[in-house]
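Enquirer: Below you'll find the structure I mean.
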Amino acid sequence: MSVNDKSIPFSFVAEKERAIECWRYYAKKWAKYGKDVIWQLGLRGKGDRPVWESDNSLSSHGLWGKVISEAIQTQYNIVKEFVGDSFFSSMTLWSEGAELYIKGDLLIPQETMIIFSDVGPTQMMSGDFYNMERADNREYGIYYHVAYMGSGPHLATGNNPRKMLFNYTEALQRGDHAYSIMNVSNVRELMMSVAAGAELMWDKDIFDVDDFYVRWCRDYLGSEEIANILDSYFDCFMKATEEEMRRDCSFRYNIHYTKTDFPYYTINDGRVRFMGRNALNGEKITEWIDRLKESITRFTTFYENAFRYSVDPYCKYFIFQARYMMLLETWVLGCGLYAEDGDKCHLIDAAEALRTY
């Protein structure tokens, strides 16, 4: 059987030798790029989630920690075999990795950089970033979500550059500057966040949000004037309370909460879509109804105000994201009202919003 045989489950427990065969196969291919490769080590399960969510081979997280440690060391040795002693490697903790590492159940090669991640739905750094002690003889970095498939920003720019600046400042204050990577997902929709992140990684100390707005709007939207209203775009999104954030996110993420000048947990387009799906399944979203109405009004106002600046085709596309959010939330509002009283006229209104988009 070959590594391409789909009948073999990819499991470091049940099919260890086959998993190693697969790692060796691809390590050999990447090794030809030499020192330009940063080797990401780790073991996660299907859907980029903790391995135990899709594999019940072991009875405890502690036992999984030992298996993941062995997998990481095996991967490290494979890379060393193909490229020699000197290479860059990293291991992103995610929530489950941090839990295992703090308890001593996860071992990571000393030369491998440890990478902290933000919590995707909030785009704020996770609890382990704040709680874990750094070792003097190890390098650290961060993984940051400009976009997040599921409940984060995905089809509309939703990551406030002021929030990004806050998180990168926090990372640099802790010395986590050996490595930084952004998950950008859909580049076209998220150009502003990608550009802000690139500048922040290059030199956070000279990054000024207001100056960035002016330059970015001039260079990419064809109008410096629209910079004056960009903050109001981010103010259009619904905001959740700390309690709502913990209810939504604590089941999978290690949450750290602190008061900030910007909304800590903004309800981006991914979370909005989940809200609409849940309402269609009969779940009442009563606590969101008024916030939906207010957000729709804000997005409508921003769209109408911004459209007069749209002298450049991409500017039209950027502000069209406000219209997308306005219509998406109108759809969710219709679904939510239907869940409240069962009147199908609300679904007709919801469907019309999708057709209009």
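Enquirer: Please specify each residue of the range 12-38 satisfying the condition of being acidic (D, E) and open to solvent by 80 Å² or more (accessible area, probe 1.4 Å).
Expert: Passing the criteria: E17, D36.
Enquirer: Restricting the search to the range 274-307, which residues are among the basic types (K, R) and buried (at least 18 other Cβ atoms within 10 Å of the Cβ)?
Expert: Across the range 274-307, the qualifying residue is only R298.
Enquirer: Can I ask one more? Would you check if T112 is closer than 17 Å to Y143 by Cα, modelled with pLDDT of 95 or more and open to solvent by less than 70 Å² (accessible area, probe 1.4 Å)?
Expert: So T112 passes the test.
Enquirer: Here is a follow-up. Given the criteria assigned to a strand (DSSP E or B) and either of a type in the set (D, E) or open to solvent by less than 40 Å² (accessible area, probe 1.4 Å) (or both), does M182 qualify?
Expert: Answer is yes for this residue.
Enquirer: State all residues of the range 177-222 that are more than 25 Å from L93 (Cβ to Cβ), within 22 Å of the chain's Cα centre (by Cα) and of a type in the set (K, R); if no residue qualifies, say none.
Expert: Selection gives R188 alone.
Enquirer: Now for a different question. Return the only residue of V187, V146 being surrounded by 19 or more Cβ atoms within 10 Å (Cβ to Cβ) and β-branched (V, I, T).
Expert: V146
Enquirer: When the residues of the range 39-56 are filtered to those that are open to solvent by less than 90 Å² (accessible area, probe 1.4 Å) and either part of a helix (DSSP H, G or I) or over 26 Å from G150 (Cβ atoms) (or both), which remaining residue is modelled with the highest pLDDT?
Expert: W39
Enquirer: Do we find a residue being open to solvent by less than 20 Å² (accessible area, probe 1.4 Å), touching a residue at least 24 places away in the same chain (Cβ under 8 Å) and out of contact with any Asp or Glu (no Cβ under 8 Å at 6 or more places or on another chain) anywhere in the range 81-90?
Expert: yes
Enquirer: In the list Y148, Y233, which residue meets the criterion of being touching a Pro at 6+ places or on another chain (Cβ under 7 Å) and either in a strand (DSSP E or B) or within 25 Å of T330 (Cβ to Cβ) (or both)?
Expert: Y148
Enquirer: From the list I267, I296, which one is touching an Asp or Glu at 6+ places or on another chain (Cβ under 8 Å) and without any contact (Cβ under 8 Å) to a residue 40 or more places away in the chain?
Expert: On inspection, the qualifying residue turns out to be I296.
Enquirer: Then there is this: Quick one: which of I102, I68 is surrounded by fewer than 18 Cβ atoms within 10 Å (Cβ to Cβ), part of a helix (DSSP H, G or I), among the hydrophobic types (A, V, I, L, M, F, W, C) and within 25 Å of the chain's Cα centre (by Cα)?
Expert: I102
Enquirer: Out of the residues in the range 233-266 meeting the condition of being closer than 24 Å to I319 by Cβ and charged (D, E, K, R), tell me which one is most open to solvent (accessible area, probe 1.4 Å).
Expert: The qualifying residue most open to solvent (accessible area, probe 1.4 Å) is D235.
Enquirer: For W23, only one of the following conditions fails: (1) over 20 Å from F116 (Cα atoms); (2) touching a Gly at 6+ places or on another chain (Cβ under 9 Å); (3) assigned to a helix (DSSP H, G or I). What is its number?
Expert: Answer for W23: the failing condition is (2).
Enquirer: Check the range 305-324 and report whether any residue there is β-branched (V, I, T) and not in a helix (DSSP H, G or I).
Expert: Yes, the range 305-324 contains a residue that is β-branched (V, I, T) and not in a helix (DSSP H, G or I).
Enquirer: Give L155, L165 a once-over and let me know the one that is open to solvent by 20 Å² or more (accessible area, probe 1.4 Å) and either over 16 Å from S193 (Cβ atoms) or assigned to a loop (DSSP other than H, G, I, E, B) (or both).
Expert: After ruling out the rest, the residue left standing is L155.
Enquirer: If I go through the range 190-222 residue by residue, how many of them are surrounded by fewer than 15 Cβ atoms within 10 Å (Cβ to Cβ) and part of a loop (DSSP other than H, G, I, E, B)?
Expert: Of the residues in that region, 2 qualify.
Enquirer: Quick one: would you say E170 is closer than 16 Å to I319 by Cβ and either at pLDDT 90 or above or over 18 Å from the mean Cα position of the chain (by Cα) (or both)?
Expert: It is false that E170 is closer than 16 Å to I319 by Cβ and either at pLDDT 90 or above or over 18 Å from the mean Cα position of the chain (by Cα) (or both).
Enquirer: Condition first: of a type outside the set (D, E, K, R), surrounded by fewer than 23 Cβ atoms within 10 Å (Cβ to Cβ) and either within 20 Å of the chain's Cα centre (by Cα) or assigned to a helix (DSSP H, G or I) (or both). Now tell me which residues in the range 126-140 satisfy that.
Expert: Residues satisfying the conditions are G127, Y130, N131, Y140.
Enquirer: While we're on this one: Can you tell me how many residues within the range 308-357 are open to solvent by 70 Å² or more (accessible area, probe 1.4 Å), over 29 Å from the mean Cα position of the chain (by Cα) and modelled with pLDDT under 85?
Expert: Total meeting the criteria: 2.
The values are calculated or read from the model by the stated rules, or taken from the named source; none is laboratory data. What you see is a predicted model, and the numbers here were worked out from it, not measured in a lab. Every residue, glycine as well, gets a Cβ built from its backbone with ideal geometry; the counts of neighbours run over all protein chains shown. The accessibility values were calculated without ligands, DNA or RNA, using every heavy atom of the protein model including side chains. Shrake-Rupley method; radii C 1.70, N 1.55, O 1.52, S 1.80 Å.
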